[in-house]
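This report refers to the structure that appears directly beneath it.
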Amino acid sequence: MSINFNHTIVYARDSKASAVFLAEVLGLPPPKKWGPFQVVTTDNGANIDFMNADGEITPQHYAFLVSESEFDGIFDRIRERSLSYWADPAQSQPGEINHNDGGRGFYFEDPDGHFLEVITRPYGSGGREP
Ligand SMILES: [Fe+2]
């Protein structure tokens, strides 16, 4: 069996700006244009294809598993940009991170309100049940 998540389309008012935002905050290579998409590729080869959309954009949730050292860089960039972040998906713990599953994690928003998350341990890897 070889089945891997390969890509998704993320709608944005400004696909280039949103793709650059994600790549810069995560520390990934700059997005590449491909057809109507601005493509950000994660280290496991999954493409996030930002595409322009008119009208209201329904926020979606995307989570990124990162190493401890990458977490430090991402967290530094979030604070350098004075972006809001939360420890929890309900956004009731602003300015805090969580330690779920023995790692570190937090939530933040992209320019269109897509709800992004970085974690250093996969959900449930430390025995945590929601
Ligand atoms: Fe999540």
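Note on the chain: with charges restricted to the Cβ of Lys and Arg (+1) and Asp and Glu (-1), its dipole about the Cα centre is near 260 debye.
Modelled spin labels at ASP76 and TYR123, positioned 7 Å past Cα toward Cβ, are 3.0 nm from each other. Working note: Karplus 6.51/-1.76/1.60 with θ = phi - 60° gives region 26-33 the couplings 7, x, 9, x, x, x, 10, 7 Hz, where Gly and Pro are set to x. When only alpha carbons are used to place a centre, region 60-79 and region 1-29 end up 14 Å from one another. Rounded, prolate or oblate: which one fits region 73-113, using the alpha carbon gyration tensor with axes a ≥ b ≥ c (rounded when a/c is under 1.5, else prolate when a/b beats b/c, else oblate)? In terms of gyration-tensor shape, oblate. Taking every DSSP beta bridge that has both ends in the chain, the antiparallel portion is near 60%. Give me the net charge for the shell around GLN38: Cβ to Cβ below 10 angstrom, other residues only, Lys and Arg +1, Asp and Glu -1. Net charge around GLN38: +1.
Solvent-accessible surface of the chain, averaged per residue with a 1.4 angstrom probe and all protein chains in place: 60 square angstrom. Other residues lying with their Cβ under 14 Å from the Cβ of GLN93 contribute a combined charge of -2, Lys and Arg counting +1, Asp and Glu -1.
Relative contact order, whole percent, for the chain stands at 22, derived from Cα pairs under 8 Å and 6 or more residues apart. Two numbers describe the Cα atoms of the chain: Rg and Dmax, which are 14.8, 44 Å.
Just check region 1-54 against the gyration tensor rule for me: Cα atoms, a ≥ b ≥ c as the square roots of the eigenvalues, rounded for a/c under 1.5, and otherwise prolate or oblate depending on whether a/b exceeds b/c. Oblate shape, in that a/c is at least 1.5 and b/c is the bigger or equal ratio.
Each helix, a run of at least 4 DSSP H residues, gives -39500 (n - 2.57); summed and divided by the residues of the chain, these come to -6000 deg cm²/dmol at 222 nm. Subtracting the Cα-Cα distance of HIS99 and GLU56 from their residue separation scaled by 0.36 nm leaves 12.1 nm. When the Cα gyration tensor is reduced to axis lengths a ≥ b ≥ c, the ratio a/c is 1.5 or higher for region 38-110, and with a/b not above b/c it is classed as oblate. Just the protein heavy atoms count here, and of the accessible area of the chain at 1.4 Å, carbon and sulfur take up 51 percent.
The values are calculated or read from the model by the stated rules, or taken from the named source; none is laboratory data. None of these values were measured; they are calculated from a predicted model. Cβ atoms come from the backbone with ideal geometry, glycine included; neighbour counts cover every protein chain shown. Side chains are part of the model used for accessible areas, which takes the heavy atoms of the whole protein and leaves out ligands, DNA and RNA. Shrake-Rupley method; radii C 1.70, N 1.55, O 1.52, S 1.80 Å.
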